[in-house]
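A.B. asks: One structure, as structure tokens, below. Some questions next.
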Amino acid sequence: MAIRKFKPTTSTRRKTALADRSHLNKDGGPKGLTIPKKKKAGRNNQGKITVRHRGGGFKRRIRIVDYKRDKFGIPAKVTGLYFDPNRSAHLALLLYADGERRYIIAPKDLKVGDTIISGESTDVLPGNAMMVKNIPSGTAVHSVENMPGRGAVFARSAGQVIIVQGIDPTGKYVQLKMPSGEIRLVFAECMATIGQVSNEDNLNVKLGKAGRKRNLGWRPEVRGMVMHPAEHPHGGGEGKGVIGGAAKDIWGNLIGTRTRKNRRTEKFIIKTRRTKNRPYAKK
């Protein structure tokens, strides 16, 4: 993927850098592989805001993506590459030999006309999916499952890549190096797709103006210092006063405090992503 830059006719155009989507299909893809998306503005099923600063934006439809890659042994031809407004990565539309169409997360260097396949063990080529126990050490993968048959949960966003480090001596687990630097174990029968996720230049995109941010469904953020003291720990005071004490979020937690409490999966983490020079790093 390339980045589109513009002539500096204004200060906004000078700083704008948008994604070049000229290589993607413009027909929108098969509508049968989409479902309506209802706008929730960050609210849960009780009507409470659980994700702040969301609302508005363009109307979207959800693309049904195949995260399980469970059509073993059936070759599929890539018939198109598509933009998905719900994610940073691009999608690839597959036409299987039996006539079924499915979307997958498009890996880097995958082109229209390529043939890919999934199975317990296949060739190590971009887009092919196989069990992690059969992937050679040092191979770059994405869309990795954490439980066999659950579907991909790791490395699904633009440019993400996981490195396979080898199989456990027991043969039950495979060791992976995550994009964050964390080293963890997954079950050897979990599926993974070969290659790096497409749209790796997404981090270089600069929207340039607030209007594009609003079109994506993001609303303005308000500083805690200018809020009422009942709404934020930093609120209140006379004029531009100090916040008083360490910085906190809207719920009163210290900024930078480790909040992960999923002890059920702690046994799978060999090396944490946190560095030792942070006071909340895992020992």
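Nothing in this text is a laboratory measurement; each read-out follows from the coordinates by a stated rule. No experiment lies behind these values; they were computed from the predicted model shown. Cβ atoms come from the backbone with ideal geometry, glycine included; neighbour counts cover every protein chain shown.
A.B. asks: Add -39500 (n - 2.57) for each DSSP H run of 4 or more in the chain, then divide by its residues: what number comes out at 222 nm, to the nearest 500 deg cm²/dmol?
C.D. replies: Details: 2 runs with 11 residues, N = 283.
Roughly -1000 deg cm²/dmol at 222 nm, from the helical runs in the chain.
A.B. asks: Another one. Can you put Arg273, Arg264 in order of Cβ neighbours within 10 angstrom, beginning with the fewest?
C.D. replies: Working: Arg273 14, Arg264 7.
By the 10 Å Cβ count, ascending, the order reads Arg264, Arg273.
A.B. asks: How would you order 24-30, 212-218 from highest to lowest mean count of nearby Cβ atoms within 10 Å?
C.D. replies: Working: 24-30: 13.3, 212-218: 15.1.
Descending mean neighbour count gives 212-218, 24-30.
A.B. asks: Do the alpha carbons of any pairs in Lys40/Lys248; Lys38/Lys71; Lys5/Lys26; Lys59/Lys240 sit beyond 32 Å of each other, and which pairs?
C.D. replies: Details: Lys40/Lys248 27 Å; Lys38/Lys71 30 Å; Lys5/Lys26 21 Å; Lys59/Lys240 39 Å.
Correct reply: Lys59/Lys240.
A.B. asks: Taking all pairs of different Cα atoms in segment 222-283, averaging 1/r and flipping that mean, what Kirkwood radius in angstroms comes out? If you can, show how the numbers build up before the last one.
C.D. replies: Values: mean 1/r = 0.0709 Å⁻¹.
Across segment 222-283, the inverse of the average 1/r is 14.1 Å.
A.B. asks: Continuing with this model, one more query. Which three numbers, in whole Å and largest first, are the semi-axes of the equivalent ellipsoid of the chain derived from its Cα gyration tensor as √(5λ)? Kindly include the intermediate steps, with their values, before the conclusion.
C.D. replies: Working: eigenvalues 271, 156, 66 Å².
Ellipsoid half-lengths, sorted descending, are 37, 28, 18 Å.
A.B. asks: What ranking do Lys7, Lys172 get, fewest neighbouring Cβ atoms within 10 angstrom at the top?
C.D. replies: Listed from fewest to most nearby Cβ atoms, that is Lys7, Lys172.
A.B. asks: Oh, and also: How many nm separate the modelled label positions at Thr170 and Lys5, each set 7 Å beyond the Cα in the direction of the Cβ?
C.D. replies: Simple spin-label model gives 5.3 nm for this pair.
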